[in-house]
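A.B. asks: This structure is in structure tokens; I'll ask about it shortly.
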């Protein structure tokens, strides 16, 4: 008999540890459980199955795989400690659903702006509640101890990578950005050395070029910090510190607010750790060792 986990944290650890050995359907459900753990105490089995694109029997099979008698017992784990306060992201999703069902064609531009801003605020609130403080502290230590920091982020993640490249230039460390310009990342990777740190940023469905850079960096002895959306992400498998962030989506468009906030927090914490001084940027340009304005 398989003993079911007794709390949500232990359950997520079990899912992560066994993820590679799960079937395709069970992997989908596992990712859904992690990403929507604030909702699972309220959603019925039919809702979970529809959101995962599977039959309810697959959800039951998933629960039994981890030792539960069925969906109801698994759901009870997520209802423990559930109070009157519903996760901000759920409240936001319900509000958007109501707006769409009321007729999105009638939305005014300002209404759309307010919906995006509400979603961004909800994403930031969830990040603040769910931030893994130990992993964040480990990431800051890795950055403080290395002499060279590399950053990789493609497509939607590229603005976050570009910001980190800009911010980290204000330290006295060597900084490199895998921009993918001209498909030159294969050449860039040769400059990476054991002991360097790579910050890799990617979210489902995960940019292939970012995953490849992370894997090659790990093979060369670099230490990886992953900014991603799941402990089951291919980046998390290689990482010494994994920072999980779930940005909201409005009308099919994903925000970057929470991810950018996490990246900025990472730099500010590093600047504090390194005791960087602050001076406003002048027309001549920022001097080495100054924090950015």
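The values are calculated or read from the model by the stated rules, or taken from the named source; none is laboratory data. Source: prediction; values computed, not measured. Glycine gets a Cβ as well: all are built from the backbone with ideal geometry, and neighbour counts include every protein chain shown.
A.B. asks: Residue under question is residue 190, and the condition is that it be without any contact (Cβ under 8 Å) to a residue 24 or more places away in the chain, out of contact with any helix residue (DSSP H, G or I) (no Cβ under 6 Å at 6 or more places or on another chain) and either surrounded by 18 or more Cβ atoms within 10 Å (Cβ to Cβ) or not assigned by TED's automatic domain parsing to the domain that holds residue 143 (or both); does it hold?
C.D. replies: It is false that residue 190 is without any contact (Cβ under 8 Å) to a residue 24 or more places away in the chain, out of contact with any helix residue (DSSP H, G or I) (no Cβ under 6 Å at 6 or more places or on another chain) and either surrounded by 18 or more Cβ atoms within 10 Å (Cβ to Cβ) or not assigned by TED's automatic domain parsing to the domain that holds residue 143 (or both).
A.B. asks: Can you give me the number of residues within the stretch 267-283 that are out of contact with any helix residue (DSSP H, G or I) (no Cβ under 8 Å at 6 or more places or on another chain) and modelled with pLDDT of 90 or more?
C.D. replies: 3
A.B. asks: Further question: Restricting to the stretch 238-255, count the residues that are assigned to a loop (DSSP other than H, G, I, E, B), touching a residue at least 60 places away in the same chain (Cβ under 8 Å) and crowded, with 18+ Cβ neighbours inside 10 Å.
C.D. replies: The total comes to 5.
A.B. asks: Being at pLDDT 85 or above and either farther than 27 Å from residue 121 by Cβ or more than 23 Å from the chain's Cα centre (by Cα) (or both) narrows it down to one of 196, 229, so name that one.
C.D. replies: None of the other options fit; the residue is 196.
A.B. asks: Across the stretch 142-158, what is the total count of residues that are without any contact (Cβ under 8 Å) to a residue 60 or more places away in the chain and out of contact with any helix residue (DSSP H, G or I) (no Cβ under 6 Å at 6 or more places or on another chain)?
C.D. replies: 5
A.B. asks: Can I ask one more? For the stretch 218-237, what are the residues that are surrounded by fewer than 24 Cβ atoms within 10 Å (Cβ to Cβ) and outside any loop (DSSP other than H, G, I, E, B)?
C.D. replies: 218, 219, 223, 234, 236, 237, listed by residue number.
A.B. asks: Another one. Give the stretch 168-180 a look and list any residue that's more than 15 Å from residue 201 (Cα to Cα) and buried (at least 20 other Cβ atoms within 10 Å of the Cβ), or say none.
C.D. replies: Listed by number, the residues that qualify are 168, 170, 171.
For every residue, the table says whether it meets (1) without any contact (Cβ under 8 Å) to a residue 40 or more places away in the chain; (2) at positive phi.
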site: 128; (1), (2): yes, no
site: 134; (1), (2): yes, no
site: 195; (1), (2): no, yes
site: 206; (1), (2): yes, yes
site: 209; (1), (2): no, no
site: 215; (1), (2): yes, no
site: 224; (1), (2): yes, no
site: 231; (1), (2): no, no
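A.B. asks: Can you name the condition, by its number, that residue 139 falls short on among (1) surrounded by fewer than 16 Cβ atoms within 10 Å (Cβ to Cβ); (2) modelled with pLDDT of 90 or more?
C.D. replies: (1)
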